[in-house]
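Asker: Could you have a look at this structure, given as structure tokens, before my questions?
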Amino acid sequence: MNGDRRGWRLCVLGGAVFAVCMAGTTLPTPLYGLYQEEFGFSELTVTVVYAVYAFAVIGVLLLAGNASDAVGRRPVLLAGLGCAAASAVCFLCATGMGWLYAGRLLSGVSAGLFTGAATVYVLELAPPGGASRATFVATAANMGGLGCGPLIAGVLAQYAPWPLHLPFAVHLALVAASAAVLLRLGETVGERRPLGAVRPQRPGVPARARAVFGPAAIAAFAGFALFGVFTSVSPAFLAQSLDVHDHAVSGLVVALAFFSSTAGQFAVGRVGVGRSLPLGCAVLLAGLALLAGALWWKLAVLMVSSAVVGGVGQGLAFRGALTAVAEASPADRRAAVVSTLFVVAYAGISLPVIGVGVLADPLGLEGAGLVFIACMALLVSAAGLYLLRRPVRAGH
């Protein structure tokens, strides 16, 4: 019993470190309007800055997604915290666009190092038999951290001094505290190899996990695609179309999507992994419809509703996908396979953002958002139908 309590305490601490790192990746979201005023760049540039982050994540996952399987979880996570700290310093020093690009690039590297390694680390810190609860801790830390970022930055930007500096100073302090916590946690990889043993990996999945990985990856892509559209459109839409210039409100609306994802993840335990994937796609479709209505009729209540409903759908689909893939993967390849799943997910979160930015000038922000919502609705519908015909069973 005491061993189980200690295991869960370590698991939660690992999740807290995970959340702090991910919060840094979304801190700039409600601040881009201020940066536009400061440096005078377009909406397309906002999406390019955002995409730099996503492509950095994908690049690291491909080049070093399996690094923690070889050298251990803690060294990789400490490197990720180092990159998160360097990103915060770039934003603190920002006097032009070059600093923003560098900050987002380093933030993407930190997320790429953390996503696969921290997810598996949290699972391994949990006591035996606690895989399902530990998966919830990991995914809740991921999404909860992503939600805390815009909320913290929005509140500080609206109600505290130095709106473009204080959020990053606070995050830098949290990163330092997280490093101290991580140094006290144990290593979970028994047989470690030197860094030279790490090789860039093509996206690949062991044969025993392929039947599970395909449909799970479709659901993950669809869920993250909604977040990509939502986070890129909603802050500018609130300001330009609804005349909402309160940074705290803007940050809260984005945060609601991520927090609702955590609620959706919690429901997977009752719904079951197999049913959570198609159900998540159905709820995602409802969230997309609400977002389309918000853009078309310019209604803030529909924007908030889309954040909540879409977030729940993403949580159902994402936790179901992650649980199924982690349980189906061999232990010595688990971080690599989970990293491959995140490659698919971050492709979903980045491609729509770029598309919205490209179409914003000719079609306007609302028109660009509607085009990509239609594309994502088709994808989500196809994924849901596929998953109904070929349901995923965890543990295969």
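Coordinate-derived values only; no laboratory data. Note that the structure is a prediction, hence the values are computed from the model and not measured. No Cβ is skipped: glycine too gets one built from the backbone with ideal geometry, and neighbour counts run over all protein chains shown.
Asker: Taking the Cα-to-Cβ direction at Leu44 and at Ala131 and moving 7 Å from each Cα, how far apart do the two end points lie in nm?
Answerer: 4.8 nm
Asker: So how strong a dipole does the chain carry about its Cα centre when Lys and Arg Cβ are +1 and Asp and Glu Cβ are -1, to the nearest 20 debye? The partial results should precede the final answer.
Answerer: Numbers: 23 positive and 14 negative charges, 328 e Å.
The calculation lands at about 1580 debye.
Asker: Compute the separation of the alpha-carbon centres of segment 79-132 and segment 239-299 and state it in Å as a whole number.
Answerer: 24 Å
Asker: For a quick check: sort Glu191, Glu124, Glu366 by the number of other beta carbons within 10 angstrom, fewest at the front. Don't skip to the answer; put the middle values down first.
Answerer: On the way: Glu191 7, Glu124 21, Glu366 18.
Going from least to most buried by this count: Glu191, Glu366, Glu124.
Asker: Once you charge only the Cβ atoms, +1 for Lys and Arg and -1 for Asp and Glu, what is the size of the charge dipole of segment 83-229 about its Cα centre, to the nearest 20 debye? Display every interim value, and only then the final one.
Answerer: On the way: 9 positive and 3 negative charges, 83 e Å.
About 400 debye.
Asker: Further question: For the chain, what class follows from the C-alpha gyration tensor (a ≥ b ≥ c being the square roots of its eigenvalues): rounded when a/c is under 1.5, otherwise prolate if a/b is larger than b/c, else oblate? Write down the numbers at each step before the final one.
Answerer: Values: a/c = 1.69, a/b = 1.21, b/c = 1.40.
Oblate, because a/c is 1.5 or more while a/b does not exceed b/c.
Asker: For segment 191-284, which trypsin sites (Lys or Arg not before Pro) are both in a DSSP coil and crowded by at most 15 other Cβ atoms within 10 Å? Present the calculation step by step, with values, prior to reporting the outcome.
Answerer: Details: sites: Arg192, Arg208, Arg210, Arg270, Arg275; in loops: Arg192.
Sites meeting the loop and neighbour criteria: Arg192.
Asker: A further question on this structure: Find how much the distance from Val358 to Ala177 grows on full extension, using 0.36 nm per residue of separation minus their present alpha carbon separation; answer in nm with one decimal.
Answerer: Details: separation 181, 0.36 × 181 = 65.16 nm, distance 3.97 nm.
Stretched out fully, the Val358 to Ala177 stretch lengthens by 61.2 nm.
Asker: What FRET efficiency would be calculated for the residue pair Trp162, Gln240, taking the C-beta separation as r and a Förster radius of 30 Å, to the nearest 0.05?
Answerer: Result of the calculation: an efficiency of 0.75.
Asker: Among Pro128, Gly116, Pro163, whose Cα lies farthest out toward the positive end of the dipole of segment 114-204, if unit charges sit on the beta carbon of Lys, Arg (+1) and Asp, Glu (-1)?
Answerer: Of the listed residues, the answer is Gly116.
Asker: Using a Gaussian network model of the chain whose springs link C-alpha atoms within less than 10 Å, name the residue from Val20, Val344, Val380 with the highest mean-square fluctuation.
Answerer: Evaluated over the chain, the most mobile residue of the options is Val344.
Asker: Using amide H atoms built in the peptide plane, which far-off residues or other-chain residues are under 5 Å from Asn66 H to H?
Answerer: HN-HN under 5 Å from Asn66: empty list.
Asker: To the nearest 20 debye, what charge dipole does segment 1-119 have about its Cα centre, counting +1 at the Cβ of each Lys and Arg and -1 at the Cβ of each Asp and Glu? Write down the numbers at each step before the final one.
Answerer: Numbers: 6 positive and 5 negative charges, 121 e Å.
The calculation lands at about 580 debye.
Asker: Set Lys and Arg Cβ to +1 and Asp and Glu Cβ to -1, take the dipole of the chain about its Cα centre, and tell me which of Ala282, Ala335, Cys148 lies farthest positive.
Answerer: So the residue furthest toward the plus end is Ala335.
Asker: While we're looking at this one, here's another question. Relative contact order of the chain: what whole-number percent is it, with Cα pairs under 8 angstrom and at least 6 residues apart? Walk me through the numbers on the way to the answer.
Answerer: Details: 779 pairs, mean separation 99.5, N = 396.
Once divided by the residue count of the chain, the mean separation gives 25 percent.
Asker: At 20 Å minimum axial length over the Cα atoms and a Kyte-Doolittle cut of 0.5, report the qualifying DSSP H helices in the chain, or say none. Before the final figure, lay out the partial values.
Answerer: Numbers: long enough: 2-26 (37 Å, 0.42); 43-64 (32 Å, 2.14); 73-92 (29 Å, 1.41); 97-125 (40 Å, 1.06); 131-159 (41 Å, 0.88); 166-184 (28 Å, 1.85); 207-240 (49 Å, 1.24); 247-271 (36 Å, 1.22); 273-297 (36 Å, 1.60); 300-328 (42 Å, 1.31); 334-389 (44 Å, 1.67).
Helix filter hits for the chain: 43-64, 73-92, 97-125, 131-159, 166-184, 207-240, 247-271, 273-297, 300-328, 334-389.
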